[in-house]
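See structure below.
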Amino acid sequence: MAARSHTRRPFLIGHRGAPRERPENTLPSFLRALELGAEGIELDVHTTKDGVVGVHHDEVPRATPPSGRLAGKRIDALTFDELQGFSVRGLALIPTLAEVLAAMRGRVDVFIELKGQGVESAAVDVIRASPRPDRCAVHSFDHDAVRRARALAPELRGGILFDRPLPDVVQVMNETGALDAWPQWELADAALVRAVHEVGGHVIPWTVNKPDRALELAALGVDALCTDYVSLVGDALRSSTSFT
């Protein structure tokens, strides 16, 4: 994802795919995001008890378990075979990161949120073995996890997530080796965009679901928008005469 000027439309990232139309963080959701015009997808990863990197948001699956004995167990306490018995909204399985990257085949950039303790090493291994590791990046609220991932894979782009003001975003980026800043959308302003761009970074606000807000952020010069509504936000940006 190249840095953009104020007159270029932001890059559109499907937040957990297309969660308003398909079960979030599943293959149907990611494929639907592509159909709607997403240029990137965002997803969350945890490792299972036996070291498989699974794609799901919560540490305890928000999915129907195959039996009562598995209900309430964390993903890192489940084997991959046990996890495969869970059904997201009764419509889709919890996929592995390897399956998602194979399905995307480098058609879009994949932004991988690191969740769970020690997930970065396993995630890096999967990314490196994927068809297009150059189209993958990692980010996390756990800034130490980003630092560890970048130490393991200096070639991999990293990003810091935050939902409250940081005293010095650029300093945290420097400390972690991150190139992307992922602020909750309310925290994105002209000063943040300017500071991050001055060090060659990208600003990716989340989760931007209202067209008017998307247009305001685009006017600030943000590089991408992470949204649940790829089509709605994309249509608003394309209809604006302010962006090319």
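The values are calculated or read from the model by the stated rules, or taken from the named source; none is laboratory data. In this text, all values refer to a predicted model and were calculated from it rather than measured experimentally. Virtual Cβ from ideal backbone geometry, glycine too; neighbours counted across all protein chains shown. The protein model used for the area step is the full one, side chains on, heavy atoms only, and it has no ligands, DNA or RNA in it. Shrake-Rupley method; radii C 1.70, N 1.55, O 1.52, S 1.80 Å.
Only one of (1) out of contact with any Ser or Thr (no Cβ under 7 Å at 6 or more places or on another chain); (2) at pLDDT 95 or above; (3) farther than 25 Å from H57 by Cα fails for V230. Which number is that?
Only one criterion in (1) out of contact with any Ser or Thr (no Cβ under 7 Å at 6 or more places or on another chain); (2) at pLDDT 95 or above; (3) farther than 25 Å from H57 by Cα is unmet by V230, namely (3).
All but one of (1) open to solvent by 40 Å² or more (accessible area, probe 1.4 Å); (2) within 28 Å of D163 (Cβ to Cβ) hold for A123, so report the exception by its number.
Just one mismatch for A123, condition (1).
Of the numbered conditions (1) farther than 19 Å from W206 by Cβ; (2) touching a residue at least 40 places away in the same chain (Cβ under 8 Å), V108 satisfies every one except a single condition; which is it?
It is condition (1) that V108 fails.
Could you tell me which residue of region 227-241 is farthest from R20 (Cα to Cα), considering only residues that are open to solvent by 70 Å² or more (accessible area, probe 1.4 Å) and over 18 Å from the mean Cα position of the chain (by Cα)?
T241
Looking only at region 87-101, which residues are more than 12 Å from S29 (Cβ to Cβ), open to solvent by less than 50 Å² (accessible area, probe 1.4 Å) and in a helix (DSSP H, G or I)?
Residues satisfying the conditions are L97, L101.
Looking for something open to solvent by 50 Å² or more (accessible area, probe 1.4 Å) and assigned to a helix (DSSP H, G or I) - is there at least one such residue anywhere in region 153-164?
No, there is no match, as no residue in region 153-164 is open to solvent by 50 Å² or more (accessible area, probe 1.4 Å) and assigned to a helix (DSSP H, G or I).
Give me the residue from region 183-214 that is surrounded by fewer than 20 Cβ atoms within 10 Å (Cβ to Cβ) and aliphatic (A, V, I, L, M) and, out of that set, farthest from R164 (Cα to Cα).
V199
Let's see how each residue does on (1) in a helix (DSSP H, G or I); (2) touching a residue at least 40 places away in the same chain (Cβ under 8 Å):
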| residue | (1), (2) |
| --- | --- |
| L12 | no, yes |
| E21 | no, no |
| N25 | no, yes |
| A33 | yes, yes |
| G85 | no, no |
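Pairs please, first residue from region 64-76 and in contact (Cβ under 8 Å) with a residue 40 or more places away in the chain, second anywhere and in a helix (DSSP H, G or I), Cβ atoms under 9 Å, 6+ apart in sequence or on different chains.
What qualifies is I75/L83; D76/V119.
Do we find that A181 is among the aliphatic types (A, V, I, L, M), part of a strand (DSSP E or B) and either free of Cβ contacts under 8 Å to residues at least 60 places away in the same chain or under 14 Å from I13 (Cα atoms) (or both) in this structure?
Yes, satisfied.
Which of the residues belonging to region 38-71 are surrounded by fewer than 15 Cβ atoms within 10 Å (Cβ to Cβ) and touching a helix residue (DSSP H, G or I) at 6+ places or on another chain (Cβ under 7 Å)?
D50, G51
State which residue is farthest from D180 (Cα to Cα) when the search covers only region 214-244 and only residues that are in a helix (DSSP H, G or I) and hydroxyl-bearing (S, T, Y).
S239
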